[in-house]
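Below is one structure; the comments refer to it alone.
The values are calculated or read from the model by the stated rules, or taken from the named source; none is laboratory data. As the structure is a computational prediction, the values presented were derived from the model and not from experiment. Counting neighbours? That spans all protein chains shown, and the Cβs are built from the backbone with ideal geometry, glycine included.
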Ligand SMILES: Cc1ncc(COP(=O)(O)O)c(C=O)c1O
């Protein structure tokens, strides 16, 4: 029996999508084989790949001067691919440090480029995100990198920063949760395994003019422009994950697009934060204006009850609520595929647990 899955990633996938995939698993469209078993260069697969790309362009309203790439390597691979492509111009880039993932991005980029960490909330345990108004951009930076939603801490920068430099966003845990003005970015990347589909696929949305500035003296597999010329088929792409992402995009469209999910996601998060704030038993440590809509972190006042909370949660059909090992406490990841009903069940359980142990 399927249960409510609050995993931070790989995250929940809509049952509707899984059922459709199941129905096509053994044989895809009279091909005599599953979609996993056909060439990525076949007509059959090309149609799947093109349609997924077009649907993503439609959902996010991606302008024509951008390309969308379907790559491998996860968001982690982007931590080095970004600086490799853009290190040659000035040899410097500005990074914002607002949580564990931006710290990793900085650490990887530092091996390739001079990183200026121009704003940081590390000293306060990432309990807030540095306000873009305080970012002190370096004149010589080739780009500015930030993470709008830090999955581990549950801390977010909600407004798109307005800066005079190419801006690059690690949108892994927030992409497709609401409409996005792609025009404001030079490059957006995201690992698929939260709001897009299964792990193994990484989406890159890149402004074509910016892409052309890329370093030509790096291996093709690292070059955005080569992936773009090859329609993301420089080598064998993650065909099954790409096909499944296409199914998720159709599901998003059917539900009413990103406006629908924005509304639903805000209702889900507000209800959960409201309950946490109303209770003395649970607390959230993030500044209100930086609270994540996707990853809600919370702590029990008495952490000796953590194990029992998690154990009973599982017994009540609520999975993967344990916070990241570096942070402790709890984390409920409430991506698009988590309906309001699942969040309401979580709140009911939290109330019940509080009534028994508070
Ligand atoms: C914001 C963010 N960036 C980067 C990563 C790393 O992604 P991957 O495991 O796809 O390399 C994650 C993974 O959870 C993430 O949440």
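Side notes on the structure shown:
- One residue stands out among those in the stretch 98-141 that are outside any helix (DSSP H, G or I) and in contact with a helix residue (DSSP H, G or I) (Cβ under 7 Å, 6 or more places away or on another chain): the one that is surrounded by the fewest Cβ atoms within 10 Å (Cβ to Cβ), which is 117.
- Every residue from the stretch 2-28 that is surrounded by fewer than 13 Cβ atoms within 10 Å (Cβ to Cβ) and in contact (Cβ under 8 Å) with a residue 12 or more places away in the chain: 2, 15
- When restricted to residues that are touching a helix residue (DSSP H, G or I) at 6+ places or on another chain (Cβ under 6 Å) and more than 12 Å from the ligand (Cβ to nearest atom), the stretch 147-167 contains 3.
- Condition met for residue 53 (more than 16 Å from the ligand (Cβ to nearest atom) and surrounded by fewer than 17 Cβ atoms within 10 Å (Cβ to Cβ)): no
- Meets criteria (closer than 18 Å to residue 108 by Cα, at pLDDT 95 or above and in a loop (DSSP other than H, G, I, E, B)) for residue 172: yes
- Flag for residue 262 being part of a helix (DSSP H, G or I), closer than 24 Å to residue 296 by Cα and in contact with a helix residue (DSSP H, G or I) (Cβ under 6 Å, 6 or more places away or on another chain): no
- Verdict on residue 247 being at pLDDT 95 or above, assigned by TED's automatic domain parsing to the domain that holds residue 129 and outside any helix (DSSP H, G or I): no
- Boolean, residue 250 is surrounded by fewer than 20 Cβ atoms within 10 Å (Cβ to Cβ) and either on the phi < 0 side of the Ramachandran plot or in contact (Cβ under 8 Å) with a residue 12 or more places away in the chain (or both): yes
- Filter pass, residue 187 being outside the structural domain of residue 333 (by TED's automatic domain parsing), more than 10 Å from the ligand (Cβ to nearest atom) and under 15 Å from residue 258 (Cα atoms): no
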